[in-house]
Amino acid sequence: MPIAVLLPHGPVTSVAPAVVTEHEQPGLLATLAVMPDPRDPRGVRYPLASVLAVAVCAVMAGAVTFAAIADWLRDLDSSGWARLGFTDRIPVASTVWRLLVRVDAEVLSTVLAGWLCARNTATSMPRPVDDRRWRRVIAIDGKVLRGSRLPDGAPVHLLSAYDTGTGVVLAQVQIAAKSNEIPAFTPLLDRVQAQLGSLNGVIIVADALHAQTGHAREVAVRGAHLMVTVKANQPTLHNLLKALPWAEVPVGDRRRDHGHGRQETRTVKALTDRTPGGLGFPHAEQAVRITRTRTVKGKTSRETAYLVASLPAEHAQPDQLQDWARLEWHIENRLHWIRDVTLREDAHLARTGNGPAVAAVLRNTAIGYHRINGETNIARATRRANRRPHDLIDAVTRSNPTTQ
């Protein structure tokens with residue numbers, strides 16, 4: 001069997017990467033050139049950056065498996081291959097697969113997240129310096145890749161940090177076998193801090209699993225703030241929050257939504273306890289109660305959630321607390337759900353090496369790319385990218401995104 005496919009369109013001339021000035025952001029190929037190559041240098045036929053760029057572009061265009069990535073490459077013409085760095089031939093599907101399952105997924109996540117953040121910074125309007133109410137909110141949540149398998153038969157479990165303002169996954173780590181998300185929290189913060197340079201003033205929102213005293217201290221040391229739901233997994237803290245005199249606390253914020261036959265009212269109350277250790281959780285400044293009342297087809301249900309926040313009332317008003325609590329769901333609704341439904345992650349039987357985690361990084365990148373370009377319907381965006389592959393290649397490989 002041949003190990004490469006000769007180009008059927010004749011010879012292809014090599015395209016040298018454009019020179020990047022200090023005022024420009026590097027294109028995708030230049031960005032991926034820093035990735036460590038897991039291959040033996042002897043006999044390397046294809047640039048690592050080119051294969052990775054193909055994988056990124058293909059998933060942006062809707063490819064949902066490694067085989068589909070190779071198919072997307074084969075369907076390009078010679079000019080598309082040249083712009084992606086292939087000179088006289090392209091790799092077959094098995095070559096693409098063998099390389100992708102060996103790439104370091106966490107390093108790839110860091111490199112691609114940095115590329116997306118740089119593009120977003122270059123193309124977005126500067127935020128007013130007097131916008132004191134604005135804060136970067138990062139949601140942290142885990143996801144099990146149900147189609148994947150580790151050697152012990154368990155599925156791969158990933159923990160991600162999602163920038164709710166941009167839609168970019170800033171970092172992703174794989175949870176060790178026979179472990180859970182709690183030990184992975186600090187390594188994930190390390191990668192987020194390395195990506196942003198500082199976590200000072202950042203709001204970290206997470207579900208009840210991360211209502212851990214160690215997490216609260218770790219976040220505080222970095223100058224960030226934690227807002228976390230408290231449930232029965234922390235029974236002492238949960239009972240303390242429930243027993244607070246909520247009847248005496250005025251409603252701080254109330255919002256009503258309706259749609260799809262459902263009416264919902266969300267009421268927020270916040271209470272500050274200045275007594276050291278009064279809330280029973282490190283660095284906690286406010287206790288928050290959110291009451292959700294839903295009416296669907298004439299049936300009304302009521303749900304109460306308790307949270308703690310490490311920001312004092314003067315820096316976190318009830319309307320902001322409500323916003324941040326809702327942003328915690330964005331990682332589920334705007335990332336994980338898209339990976340499952342649009343990019344069919346749970347149906348992907350990636351079970352070799354780093355393949356499952358690498359595939360997740362590619363999906364994160366595709367979603368983040370479309371988000372920073374203003375797309376709200378990722379399925380439509382991937383279909384458009386698939387119809388216009390040359391536009392996609394041009395957009396991701398040119399150096400200066402401000403010219404888009």
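Okay, here's what the table says:
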quantity	calculated
Boolean, VAL107 is assigned to a helix (DSSP H, G or I), within 25 Å of the chain's Cα centre (by Cα), over 22 Å from ALA61 (Cβ atoms) and at pLDDT 95 or above	yes
The listed residue being crowded, with 18+ Cβ neighbours inside 10 Å, free of Cβ contacts under 8 Å to residues at least 24 places away in the same chain and not in a loop (DSSP other than H, G, I, E, B), out of ALA366, ALA395, ALA357	ALA395
Selection from region 265-291 of residues that are crowded, with 16+ Cβ neighbours inside 10 Å and acidic (Asp, Glu)	GLU285
Region 1-44, subset of a type in the set (D, E, K, R) and surrounded by 13 or more Cβ atoms within 10 Å (Cβ to Cβ), residue modelled with the highest pLDDT	ASP37
Only one of ARG339, ARG344, ARG302, ARG292 that is closer than 30 Å to HIS157 by Cα and either touching a Gly at 6+ places or on another chain (Cβ under 6 Å) or at pLDDT below 95 (or both)	ARG344
Every pair of residues 6+ apart whose Cβ atoms lie under 9 Å, when the first sits in region 30-49 and is under 22 Å from ASP394 (Cβ atoms) while the second is basic (Lys, Arg)	TYR46/ARG89; LEU48/ARG39
Lone qualifier among ARG388, ARG294 - being surrounded by 15 or more Cβ atoms within 10 Å (Cβ to Cβ) and among the basic types (Lys, Arg)	ARG294
Residue in region 79-100 that is in contact (Cβ under 8 Å) with a residue 60 or more places away in the chain, under 20 Å from GLY353 (Cβ atoms) and under 22 Å from the mean Cα position of the chain (by Cα) present	yes
Elements of type strands (runs of 3 or more DSSP E) contained in region 220-318, each with 1 or more residues being farther than 21 Å from ILE204 by Cα and among the hydrophobic types (A, V, I, L, M, F, W, C)	286-296
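The values are calculated or read from the model by the stated rules, or taken from the named source; none is laboratory data. Since this is a predicted model, take the numbers as computed values, not measurements. FYI the Cβ positions are ideal-geometry reconstructions off the backbone, even for glycines, and counts take in every protein chain you see.
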